[in-house]
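Input: a single structure, listed below in structure tokens.
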Amino acid sequence: MDIELNILKNWIEGSDNIVFITGKDFSAEAGFPDYRAMDEDFLDKYKYPPDDILCLTFLQRCPMFFYRYYRDKILTPVLNAQPSPAHEALAKLEESGKLKAILTVNIDGIHQEAGSKEVVELHGSVMRSWCAKCEKFLDFFYIADSPTPIPYCNVDMCGDYVRPAIVLKEEPYDLDLLQKAMDYAKAADVLLIDGSALAEFPVPNLMKAYQGHKLVLFNTAPLVFDSRAGLVVRGHTYTDVFQQLQLDL
């Protein structure tokens, strides 16, 4: 076992207040790719880049383009994704009383599918949807099973479009949720961060709020944040990390 993984194992086994912040690399191991990635044919099919499509005003202005992208790049991959051994390991770590919370910028609901209970979804979740007019909450399948390209609300003949309960650009974040995540990060004994999440708000703020000395960054390449870490783990998938740790839970 690598020296870094040996240290990580000791930190995990010696703590009952661990918090893990996850990003797109964690979800990728479950078969849910980065929905904002663009291949060479992307603009031919979707006309606009993901950063434009994932805006509130774009949804309001061009719903047909939004839902075509949303179904292809988010809904279908979510339906095909399966929790990875790393997702299942986090659920077991929580069940053992060691992991207090997962804070995630992912919107796919895979942590909950794996059995995790305390998941703070900082960017919302595709597992929920809601009507933009009557604000009635609906489930994932309302959009997935809609017979029309744009899913319309049929609650009390409302008729407005139904949208995923994710935070789009130009929308405010849930301040109560942000405060909850901040409290978890501040109180953590061990804070583990998926390096791919550090590009997303509010993860850098959560890292700065951490008051301990057992900050672990998982990276595929050096990052400016590495100097703040007590431990940097590179060259391993998350599944590989947990398989090598062989934690006795």
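So how do 188-196, 222-230, 120-128, 28-36 stack up, highest first, on mean other-Cβ count within 10 Å? Don't jump to the answer; show the numbers that get you there.
On the way: 188-196: 24.2, 222-230: 13.9, 120-128: 20.1, 28-36: 17.8.
Ranking the peptides 188-196, 222-230, 120-128, 28-36 by packing returns 188-196, 120-128, 28-36, 222-230.
Which net charge results when you count Lys and Arg as +1 and Asp and Glu as -1 among the other residues whose beta-carbon is under 11 Å from that of Pro50?
Details: positive: Arg36, Lys73, Lys169; negative: Asp34, Asp51, Asp52.
Cβ neighbours under 11 Å give a net charge of 0.
With the full set of protein chains in place, find how many percent of the accessible area of the chain is carbon and sulfur; take the probe as 1.4 Å. Spell out each step's value before the answer.
Details: 6070 of 12040 Å².
Roughly 50 percent of what the probe reaches on the chain is carbon or sulfur.
Taking the solvent-accessible surface of protein heavy atoms with a 1.4 Å probe, what is the per residue accessible area of the stretch 161-205 in Å²? Please report the intermediate quantities before stating the final value.
Values: 1940 Å² over 45 residues.
That works out to 43 Å² per residue.
Over the chain, what is the percentage of antiparallel beta bridges among all DSSP beta bridges, to the nearest 5? If I count the DSSP bridges inside the chain, around 30 percent turn out antiparallel. Taking the longest Cα principal axis of the chain as reference, the axis of helix 85-95 is set at about 70 degrees. Inter-label distance, Glu171 to Ala37: 2.5 nm, where each label sits 7 Å from its Cα along the C-beta direction.
Between 0 and 90 degrees, the angle of helix 3-13 with respect to the longest Cα principal axis of the chain falls at about 80 degrees. Along the Cα-to-Cβ line of Asp156, 7 Å from the Cα, sits a label point; which residues in the stretch 129-147 have backbone N less than 17 Å from it? From the stretch 129-147, the list is 130-138. A simple count of charges around Lys100, restricted to other residues whose Cβ falls under 11 Å of its Cβ and scoring Lys, Arg +1 and Asp, Glu -1, yields -3. Computed over the stretch 1-40, the range of Cα coordinates on each principal axis works out to 46, 23, 13 Å, biggest value leading.
Modelled spin labels at Thr148 and Cys134, positioned 7 Å past Cα toward Cβ, are 1.4 nm from each other.
Restricting the calculation to alpha carbons of the chain gives Rg and Dmax of 19.0, 62 angstrom. Three principal axis extents of the stretch 1-131 based on alpha-carbon atoms, in descending order, are 52, 34, 23 Å.
Tell me the net charge near Asp145. Cut-off is 12 Å between Cβ atoms, Asp145 excluded, with +1 for each Lys or Arg and -1 for each Asp or Glu. Result for the neighbourhood of Asp145: 0.
The values are calculated or read from the model by the stated rules, or taken from the named source; none is laboratory data. Remember, predicted model here, so these are calculated numbers, not experimental data. In this analysis, Cβ positions are derived from the backbone assuming ideal geometry, glycine residues included, and neighbour counts consider all displayed protein chains. Quick note on the areas: whole protein, heavy atoms, side chains included, nothing else; ligands and nucleic acids left out. Shrake-Rupley method; radii C 1.70, N 1.55, O 1.52, S 1.80 Å.
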